[in-house]
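Heads up, the thing below is written out as structure tokens.
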Amino acid sequence: MRYPSREQLKDAANRIAFGIHHTPVLQSGYFNHTFRSDLFFKCENFQKVGAFKSRGAINAVFSLSDEAAANGVATHSSGNHAQALARAAALRKIPAYIVMPENAPKVKINAVKGYGGQITFCKPTLEARESTLKQIIRKTGATEIHPYNNLQVIEGQATAAMELLEEHPDIDLLLCPVGGGGLLSGTALAAHYFSQKATVIACEPARADDAYRSFLAGKIIPSTQPKTIADGLLTSLGDITFPIIRQFVSKIVTVKEESIIQAMRLVFERMKIVIEPSAAVPLAAVLEKKIDIAHKKTGIILSGGNVDLGHLPW
């Protein structure tokens, strides 16, 4: 398989610059002192639509030819990708057809509508989502933009780590959450091309540990009935993301639900910023001492901040 090249990642960064935030990198004296490390938090919770997904969506939409783009784009998603794709399509002034399960949170439905996405509801099963999406693509001729198993999406997601490494080129460790592997693949490629020494470690909920098991087995083991508060990390790895992860990621560690909640709360209390549970998973790995970060410069990708403030887990 051919991976995105260094030049393709640079092209992606230039292509999406007009439509994203160059998000800040924050530090916390409390965390540095507690863990005897220099921690650098890349704050994608401040990104457009509240998550890193904007990067990949804009790169994918603006990589399409005018002919392909004319029929619009389509995906199935109940999460941040749905909003990101609807917004990216609006920026290019093309339709976005979004398949969402009928039990999707109202706040996410309203966000997709707000960006101009055309929603089709379906039963809350993967089979229903995929078959409904196929029908829409047949009818409209739209191009499917997969949430993570898409090379242009991966190139876009890589730009978060590229920005972090540009500001802090001497980072030793780079910690990243993993669900379907789009962000992790991009982060691993960014470290490979733009860092002399950064080791990439993926972090995953123990209750949704398919990436961990796949990594050990050397083949994709699909996720079965994952139950975790980190609802952005429920998906299985793809046949594009998995080979990149196998080649460029050092290891994958898993964490308990209690640690995810503790890490999330600590970031709220100490850094005064809002993050979603999925974004707290790497810090949870540090809390559990699954990764030795003492006396190392450690980058953490805070993947997003879309959380229902009416139902915080503490």
Query raised in the report: Under the rule of -39500 (n - 2.57) per DSSP H run of 4 or more residues, summed and divided by the residues of the chain, what mean residue ellipticity at 222 nm is obtained, to the nearest 500 deg cm²/dmol?
Result: -13000 deg cm²/dmol
Query raised in the report: Along the charge dipole of the chain, Cβ charges K/R +1 and D/E -1, which of Ser54, Phe31, Met100 sits furthest on the positive end?
Result: Met100
Query raised in the report: To the nearest 20 debye, what charge dipole does the chain have about its Cα centre, counting +1 at the Cβ of each Lys and Arg and -1 at the Cβ of each Asp and Glu?
Result: 280
Report summary line: Amide H proximity to Leu174 below 5 Å, modelled H, separation 5+ or other chain, gives Thr199, Val200, Ile201, Gly299
Query - In Hz, Karplus ³J(HN,Hα) per residue of region 206-214 (6.51, -1.76, 1.60; θ = phi - 60°; x = Gly, Pro) - result: 4, 7, 9, 9, 5, 5, 4, 5, 5
Query raised in the report: Hey, rough spin-label estimate for Leu312 and Arg6, points 7 angstrom out along Cα→Cβ, what's it come to in nanometres?
Result: 4.4
Query raised in the report: What accessible area, in Å² to the nearest ten, does a 1.4 Å probe give for His311?
Result: 140
Report task. Quick one: check the C-alpha center-to-center distance for region 88-163 versus region 2-75, whole angstrom. Result -> 17
Report summary line: Ignoring ligands and nucleic acids, Ser5 exposes an accessible area, probe 1.4 Å, in Å² to the nearest 10, of 40
Report task. Find, among the GluC sites (Glu not before Pro) in region 31-103, those assigned to loop by DSSP (not H, G, I, E, B) with at most 11 other beta-carbon atoms within 10 angstrom. Result -> Glu102
Query raised in the report: Which whole-Hz couplings ³J(HN,Hα) result when phi for each residue of region 103-117 is put into the Karplus expression 6.51 cos²θ - 1.76 cosθ + 1.60, θ = phi - 60°, listed in order with x for Gly and Pro?
Result: 9, 4, x, 4, 4, 6, 4, 5, 5, 4, 4, x, 8, x, x
**Report entry** Qualifying trypsin sites (Lys or Arg not before Pro) in region 183-233, DSSP loop, other Cβ atoms within 10 Å at most 15
**Finding:** Lys197, Lys219, Lys227
Report summary line: In terms of the charge dipole of the chain, which places +1 on Lys and Arg and -1 on Asp and Glu at the beta carbon, the residue among Asn80, Asn110, Gln262 farthest towards the positive end is Asn110
Query raised in the report: Of Lys48/Lys219; Lys197/Lys227; Lys106/Lys297; Lys227/Lys289, which pairs sit farther than 30 Å apart, going by alpha carbon to alpha carbon?
Result: Lys48/Lys219; Lys197/Lys227; Lys106/Lys297
Query raised in the report: If you place +1 on the Cβ of every Lys and Arg, -1 on the Cβ of every Asp and Glu, and leave all else neutral, what size is the dipole of region 112-168 about its Cα centre, to the nearest 20 Debye?
Result: 660
Report task. Hey, for a label at Ser250 modelled as a point 7 Å past Cα toward Cβ, could you say which residues of region 281-302 have their backbone N under 14 Å away? Result -> 286, 290-300
Query raised in the report: Can you tell me the accessible area per residue over the chain, all protein chains present, probe 1.4 angstrom, in square angstrom?
Result: 43
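The values are calculated or read from the model by the stated rules, or taken from the named source; none is laboratory data. Note that the coordinates shown come from a computational prediction; the quantities given were computed from them, not determined experimentally. As a convention, Cβ positions derive from the backbone with ideal geometry for all residues, glycine included, and neighbour counts pool all protein chains shown. Heavy atoms of the whole protein, side chains included, go into the accessibility calculation; ligands, DNA and RNA do not. Shrake-Rupley method; radii C 1.70, N 1.55, O 1.52, S 1.80 Å.
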